[in-house]
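Read-outs throughout are calculated quantities, based only on the coordinates presented, and are distinct from any laboratory measurement. This one's a predicted model, so the numbers in the text were calculated from it and none came from an experiment. Positions of Cβ are backbone-derived with ideal geometry, glycine not excepted, and every protein chain shown enters the neighbour counts.
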Amino acid sequence: MTSRGARLAALIIAILLGHFLYLRARSAWVNYWLLKDAHQGIATVTEELWSGHKVVGYNYIVNQKDYTGRSRRNRQDKKYGNVQVGETSVVYFSASHPWLSLLYMPQAVLEGLPVILLVLALETFAVITIVNPNSRWAFSFIQKAQPHGV
């Protein structure tokens, strides 16, 4: 593979891994505010989402203002663990940022730290490959020159 091809492959990998890291950062932000100042309300499930992990869309009202959200169902409370479209569920929303909500209370700000660290390391190697595909730290998309006599 040429240097240009290696850079392109690394760019695609970096974009995909970057998207994953962005979603984890946003999740940590939501979790932080919910752990800091969560209030409880009632949400109506409006749709089943194709996102995996039993994700649904829902509506809820705070101070006579309508909000929408997306969240996994509440696995912590069996009563709400399998809510269907049209049914109600408990919703946890931030008092200071009422547009931030989940159908379950998060356990920690940053969940899945080992996976995040692994993805961050792979993202670093992808960026190194984009900058210099011949670096010893780059992904091995191209054949690196071997010293003579080896």
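Relative to the current alpha-carbon distance between S27 and L118, full extension at 0.36 nm per residue lengthens the span by 31.0 nm. Any chance you could give the angle, 0 to 90 degrees and rounded to 10, that helix 3-37 forms with the longest Cα principal axis of the chain? Once rounded, the angle reads 30 degrees. Overall, the chain carries a charge dipole of about 400 debye about its Cα centre when +1 sits on the Cβ of Lys and Arg and -1 on the Cβ of Asp and Glu, all other atoms neutral. Put simply, the convex hull of the Cα atoms in the chain casts, on average, a shadow of 12.0 nm². Between 0 and 90 degrees, the angle of helix 113-131 with respect to the longest Cα principal axis of the chain falls at about 40 degrees.
For trypsin sites (Lys or Arg not before Pro), the sites in segment 6-90 that DSSP calls loop and that have at most 14 other Cβ atoms within 10 Å are R75.
Based on the Cβ-Cβ distance of S135 and L110, what FRET efficiency does E = 1/(1 + (r/R0)^6) give at R0 = 35 Å, to the nearest 0.05? The computed FRET efficiency comes out at 0.70.
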